[in-house]
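Read the structure below first, then the notes.
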Protein chains: 2
Amino acid sequence: MDFKSKLLNNAVDQMSSLPGVGKRTALRLVLHLLSESKEEVQQFSDAFTNLRNEINFCKNCFNISDAEICHICVNETRDKSLICVVQDIRDILAIESTQQFRGYYHVLGGIISPMDGIGPDDLNIDELIVRAQKEPVKEIILALSATMEGDTTNFYLFRKLAEASVKVSVIARGIGIGNELEFTDEITLGRSILHRSLFESSLSK
Amino acid sequence: MDFKSKLLNNAVDQMSSLPGVGKRTALRLVLHLLSESKEEVQQFSDAFTNLRNEINFCKNCFNISDAEICHICVNETRDKSLICVVQDIRDILAIESTQQFRGYYHVLGGIISPMDGIGPDDLNIDELIVRAQKEPVKEIILALSATMEGDTTNFYLFRKLAEASVKVSVIARGIGIGNELEFTDEITLGRSILHRSLFESSLSK
């Protein structure tokens, strides 16, 4: 699409650089911005540059935070023996909303993905090893996606964490609650049989 | 959702102010921006403020244009006897892509919609009347949405244009090409019977 206006072309190109936003949607969004006042559009744009320029990551766990240490790391009442390793802050929000975890987090900032050019050095892995050795941690829970990349990262972390004397666990994989066997893929179903737990222990949770 | 970071909250709020973007999607898009370089985010933001601050509308037809007069109005080879009235520039793109119209356009900038607080004075209607009287126009084609608001605007324009000695037409409404009768709503089907055209004339187009 060419709108015969460099300004509009540029705005649509930038908007459609967002993941999942096509040219048509981008045009709709940009025209919406055009119908707003100059001040509103300025606020819109400033929100992102300010975020990018002034954003702070927690020095401890790399959660997004306005302060040096995030609101979770600063909370002394949580369980110091547990660290849950996640890919990004959306996973923290998701796990927090379950109210099933009271330990601390460590945000990797991604997962190992050679296809996207992301190697172990691009992630906050060294900092995790330091935390595992320095803090009174007993168990590190790997809560990454159940994908090839997630498995690779899990394995890498497991090897790296062998040096520190901590237990390493992985979140359970199996049939989602409410799902029917019939519609579950074979790999998930196969693993859920292999990794079955005793009926009593599943009751207690 | 509260992310315990004013910067992030603000960015997500701004992103979700776009039509059709919810908080979850907004967070995903904002986190994508965070993963880009400062320069890239600056370019992203600048695209919208630049567009809003420096955008120009064609003095003649109100199409978006970097120049004073848009690329369509400046084209002398088009048919000066026809003006097609549309709601916004997306409609120009849609009609241009049909390659069935070689006249000029007039962008209203919206349609009369009391529910949204948009009255005739908010639209580029007076300018249309002036063009109808000043330019060598023979026919004005109203190409607005087939909605209540579109019909209201059509009727208003028809009354206003009665002063100028031009023919006023409305784009055909009926069954979309490729649609089956069975699945067409009664109102559309009813109108398509009332506004039937002679078989020969439908062949010639």
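Nothing in this text is a laboratory measurement; each read-out follows from the coordinates by a stated rule. Keep in mind that what you see is a predicted model, and the values were worked out from it rather than measured. Glycine also receives a Cβ, built like all others from the backbone with ideal geometry; neighbour counts cover every protein chain displayed.
Numbers at a glance
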| quantity | calculated |
| --- | --- |
| Whichever lysines have a C-alpha closer than 18 Å to that of B:Lys167, once near sequence neighbours (fewer than 8 apart) are set aside | B:Lys80, B:Lys134, B:Lys138 |
| Tilt relative to chain B, helix B:6-15 - C-alpha long axis, 0 to 90 degrees, to 10 | 10 degrees |
| Semi-axis lengths (Å, descending) of the ellipsoid that matches the C-alpha gyration tensor of segment A:71-171 | 21, 16, 12 |
| Segment B:72-171 - charge dipole about Cα centre, Lys and Arg +1 at Cβ, Asp and Glu -1, debye rounded to 20 | 440 debye |
| Shielding of B:81-87 by partner chains, average beta-carbon count, 10 Å | 0 |
| FRET efficiency for B:Glu127 and A:Ser37, using Cβ-Cβ distance with R0 set to 30 Å, rounded to 0.05 | 0.85 |
| Sequence-separation-based contact order of chain B, relative, with Cα cut under 8 Å and 6+ spacing, percent | 12 percent |
| Viscosity 1.567 mPa s, temperature 4 °C, Stokes-Einstein D of segment B:6-54 from Kirkwood C-alpha radius, µm²/s | 113 µm²/s |
| Relative contact order for segment B:72-171, counting Cα pairs under 8 Å that sit 6 or more residues apart, in percent | 30 percent |
| Rounded to the nearest 20 debye, dipole of segment A:1-138 from Cβ charges on Lys, Arg, Asp, Glu | 320 debye |
| Lysines with Cα under 18 Å of B:Lys4, excluding same-chain neighbours fewer than 8 positions away | A:Lys59, B:Lys23 |
| Cut-off 15 Å between beta-carbons: net charge of the residues surrounding A:Glu40, Lys and Arg +1, Asp and Glu -1 | -2 |
| Alpha-carbon gyration tensor eigenvalues x 5, square-rooted, for the protein assembly as shown, Å | 57, 27, 18 |
| Positive minus negative residues near A:Gly174 (Lys, Arg vs Asp, Glu; Cβ under 11 Å) | +3 |
| B:Lys160/A:Lys23 FRET efficiency (R0 45 Å; Cβ-Cβ; nearest 0.05) | 0.80 |
| Amide H partners (placed H, <5 Å) of A:Val170, local residues excluded | A:Leu142 |
| Shielding of B:31-37 by partner chains, average beta-carbon count, 10 Å | 5 |
| Tensor-based shape of segment B:143-205 (alpha-carbon gyration tensor, a/c under 1.5 rounded, otherwise prolate or oblate) | oblate |
| Approximate shape of segment A:4-120 as ellipsoid semi-axes (Cα gyration tensor, √5λ), whole Å, largest first | 36, 18, 13 |
| Angle in degrees between helix A:125-134 and the longest Cα principal axis of chain A, rounded to the nearest 10 | 40 degrees |
| Label-point gap, in nm, between B:Glu68 and A:Glu96 - each point 7 angstrom along Cα→Cβ | 5.6 nm |
| Acute angle (nearest 10 degrees) that the helix A:148-161 long axis makes with the longest principal axis of chain A, alpha-carbon atoms | 50 degrees |
| Dimensionless Rg over Rh [chain B; C-alpha; Kirkwood] | 1.06 |
| Protection proxy ranking, peptides A:129-139, A:168-178, average beta carbon neighbours within 10 Å, highest first | A:129-139, A:168-178 |
| Label point distance in nm, B:Glu139-B:Asp185, each placed 7 Å from Cα along Cα→Cβ | 2.8 nm |
| Value of [θ]222 nm, deg cm²/dmol, for chain B, DSSP H segments ≥ 4, -39500 (n - 2.57) each, nearest 500 | -13000 deg cm²/dmol |
| Label distances, nm, B:Asn179 versus same residue in remaining copies, Cβ-directed 7 Å point | 4.0 |
| 3J(HN,Hα) from dihedral phi, segment B:95-109, Karplus parametrisation 6.51/-1.76/1.60, rounded to Hz, x for glycine, proline | 6, 4, 6, 6, 6, 10, 10, 10, x, 9, 10, 9, 8, 6, x |
| Antiparallel DSSP beta bridges within the protein assembly as shown, percent to nearest 5 | 20 percent |
| Amide H contacts under 5 Å for B:Ile118, placed H, 5+ residues apart | B:Ser113 |
| Farthest positive-ward along segment A:128-205 dipole, Cα basis, beta-carbon charges - from A:Ile187, A:Val137, A:Ser169 | A:Val137 |
| Copies compared at A:Phe199 - label distances in nm, ascending, label defined 7 Å from Cα in the Cβ direction | 7.5 |
| Within segment B:1-76: Cβ-based charge dipole about Cα centre, in debye rounded to nearest 20 (Lys, Arg +1; Asp, Glu -1) | 560 debye |
| Residue of chain B nearest the B-to-A rotation axis [by Cβ], rounded angstrom distance | B:Ser45, 2 |
| Shortest-first nm distances, B:Lys23 label point to equivalent points in other copies (7 Å, Cα→Cβ) | 3.5 |
